[in-house]
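**Student:** One structure, pasted below without further comment.
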Amino acid sequence: MTRLAAGRTTHLEREEIALETLRLFDQGKDPSIRQLAAALNVTPSAIYHHYNSRAEIVQSAVELVWVEILAETTTKIGNPFEADPIEALVTVGLYARRAFLRHHKITPYMAAIPRSGELSAGGIALFANVFERLGLVGDDAGDAFHYYASYCFGTALYAASRLNASEALGPNDLGHEELEEFRREAGVDGTSKEETRAALDSILDLSEMDPERDEELFLLGVRQILDGFARV
């Protein structure tokens, strides 16, 4: 049996590396192989014994987020292959958004294709099942998945990016009145009503300022999209 590295009580495992990577991202880091090795009390070569590259490690950490999403979805609605298809899609979208906001530092990598064949195959099988139960088959299901994923994952990415930007750059100091002054100087203040512009200004910071309202609007939007699929 190989000797344990100094400072460790167990041998390094592949999942431990992914878990530590996600933990470091949650702490606001974007860890290199050396930083990860130091956190795990191993040498970089021990990391490379399990992964060929940092890209593979980050992909595995993103997979852990998807595993959280699927576990929370199943806890909420039971077997998603048997649950009401609209509720299944709403729940997946909601918990995906919550998970990627919870792990917002790794969210810029959310589009990484899971290396786990089981996870990828299972995810696509789930979406194919629920879209077919909505009456959408073949290219119609593909188009619907594009609309749904663009909205759900796009809003999650935007909200996470706002959190990341605020942490890195500080909060947005421009209020509505200051923005209105810029509009008056540019001569565009008369092109729409101020109440409409104020509402749009408030939406830009909604994920930070009022996350409950932000989630409420997200759910309203995804249901409207899915209701459109059901009508078709």
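The values are calculated or read from the model by the stated rules, or taken from the named source; none is laboratory data. In this text, all values refer to a predicted model and were calculated from it rather than measured experimentally. As a convention, Cβ positions derive from the backbone with ideal geometry for all residues, glycine included, and neighbour counts pool all protein chains shown.
**Student:** For the condition in a helix (DSSP H, G or I) and under 17 Å from PHE153 (Cβ atoms), what is the one hit in GLU63, GLU56?
**Tutor:** Being in a helix (DSSP H, G or I) and under 17 Å from PHE153 (Cβ atoms) holds for just one of GLU63, GLU56, which is GLU63.
**Student:** Could you please tell me which pairs satisfy a Cβ distance under 7 Å, a separation of 6+ or placement on different chains, a first residue in the stretch 42-64 that is free of Cβ contacts under 8 Å to residues at least 12 places away in the same chain, and a second residue that is surrounded by fewer than 14 Cβ atoms within 10 Å (Cβ to Cβ)?
**Tutor:** Going by the 7 Å Cβ cut-off, the qualifying pairs are PRO44/ARG34.
**Student:** Turning to a different aspect of this structure: Would it be correct to say that VAL65 is in contact with a His (Cβ under 7 Å, 6 or more places away or on another chain), aliphatic (A, V, I, L, M) and within 30 Å of GLY135 (Cα to Cα)?
**Tutor:** The answer is yes for VAL65.
**Student:** Report whether or not ASP139 is more than 24 Å from MET110 (Cβ to Cβ) and either among the charged types (D, E, K, R) or out of contact with any strand residue (DSSP E or B) (no Cβ under 8 Å at 6 or more places or on another chain) (or both).
**Tutor:** When the stated conditions are applied, ASP139 passes them.
**Student:** Let me ask you something else. Being without any contact (Cβ under 8 Å) to a residue 60 or more places away in the chain, farther than 30 Å from LEU136 by Cβ, over 23 Å from the mean Cα position of the chain (by Cα) and surrounded by 12 or more Cβ atoms within 10 Å (Cβ to Cβ) narrows it down to one of ASP201, ASP210, so name that one.
**Tutor:** Matching residue, one of ASP201, ASP210: ASP201.
**Student:** Residues of the stretch 213-228 being touching a residue at least 40 places away in the same chain (Cβ under 8 Å) and either aliphatic (A, V, I, L, M) or outside the structural domain of LEU134 (by TED's automatic domain parsing) (or both), which ones?
**Tutor:** The answer is LEU219, VAL222, ILE225, LEU226.
**Student:** To continue, here is another question. Kindly list, by first and then second residue, each pair from a residue in the stretch 150-174 that is in the same structural domain as ALA96 (by TED's automatic domain parsing) to a residue that is exposed (fewer than 11 other Cβ atoms within 10 Å of the Cβ), limited to pairs with Cβ atoms under 8 Å and residues at least 6 apart or on different chains.
**Tutor:** Hits for this filter: PHE153/ALA111.
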